[in-house]
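> For reference, the structure I am asking about is given below.
Nothing in this text is a laboratory measurement; each read-out follows from the coordinates by a stated rule. The shown structure was predicted, so the numbers you read here are calculated from the model rather than taken from an experiment. In this analysis, Cβ positions are derived from the backbone assuming ideal geometry, glycine residues included, and neighbour counts consider all displayed protein chains.
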Protein chains: 2
Amino acid sequence: MKNLRLKSARAAKDLSQEQLADLCKVSRQTISAIEKGDYNPTINLCIAICKVLGKTLDELFWIEEEA
Amino acid sequence: MKNLRLKSARAAKDLSQEQLADLCKVSRQTISAIEKGDYNPTINLCIAICKVLGKTLDELFWIEEEA
DNA sequence: GAAATTTGTAAAATATACTTGACAAAAAGA
DNA sequence: TCTTTTTGTCAAGTATATTTTACAAATTTC
């Protein structure tokens, strides 16, 4: 499932995937894969992304419904 | 760094590490390692733990200060 | 509409999350 | 004290997160 909240938060800071990736010290493909979904990043990376984008874990990564 | 919030939330539900592990479909050692700290679980596992314990990501896994 | 930037995606390699099995120490219950 | 349960930890293996390189499609900018 796509993570549109992340895509939106990144857009709000006017950052490209590559810029966000650099700030999180991770590759561009990793950011792309997370936004694309079907991906299971580590909590430390999620926290790093949240801090760069000024959001919390719940705001960007919490999922209400999960099969 | 130890995750005492997780340990506390588990105690509040009166669950052993092994019981929590079973409910999260993960090994006991993995739960032990997460509570012990120095560990970097995936976001999906964190979400599974949160749901079992009735907590949110921010409550159990958010970190204010990170070197 | 050409050039530059951004994004999607794929394959192979590497790093690391997680498992399994096992044993000892600590804690809890009798 | 004795027994049972819980927890810490280690070593070797498996699964998967992440990297690197690369190319094409899409978007933006001039």
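> Let me confirm the definition first: pairs of Lys residues in chain B, 8 or more apart or on different chains, C-alpha distance under 15 Å. How many are there?
7
> Karplus couplings for segment B:15-21 from phi (6.51 cos²θ - 1.76 cosθ + 1.60, θ = phi - 60°), rounded to Hz, Gly and Pro as x?
Whole-Hz 3J(HN,Hα) from phi for segment B:15-21: 10, 7, 4, 5, 5, 4, 4.
> As a check on your grasp of the helix formula, calculate [θ] at 222 nm for chain A: sum -39500 (n - 2.57) over DSSP H runs of n ≥ 4, divide by the residue count, round to the nearest 500.
After summing the helix terms and dividing by the residues of chain A, the value is -16500 deg cm²/dmol.
> Suppose we keep just the alpha-carbon trace of the protein assembly as shown; what are its Rg and Dmax in angstrom?
Cα only, the protein assembly as shown: 15.1, 46 Å (Rg, Dmax).
> Moving on to the next point. Amide H to amide H under 5 Å from A:Thr42: which residues, 5+ apart in sequence or cross-chain, H placed 1.01 Å off N in plane?
Result for A:Thr42 returns B:Ile43.
> Another question, then. As a footprinting exposure proxy, order B:Leu45, A:Leu6 by other Cβ within 10 Å, with the fewest listed first.
Going from least to most buried by this count: B:Leu45, A:Leu6.
> Right, next: Shortest first, in nm, what separates the label point of B:Lys2 from those of the same position in the other copies (7 Å along Cα→Cβ)?
4.5
> Provide an ascending nm list, one decimal, of label-point separations from A:Asp14 to the equivalent residue in each further copy; define each label point as 7 Å from Cα along Cα→Cβ.
5.7
> Over 13 Å apart: what share of the alpha carbon pairs of segment B:4-56 falls there, rounded to a whole percent?
52
> Related question: Starting at the first residue of segment A:27-43, write each ³J(HN,Hα) from the Karplus equation 6.51 cos²θ - 1.76 cosθ + 1.60 with θ = phi - 60°, in whole Hz, x for Gly and Pro.
7, 4, 4, 5, 4, 4, 5, 5, 5, 5, x, 6, 9, 10, x, 7, 5
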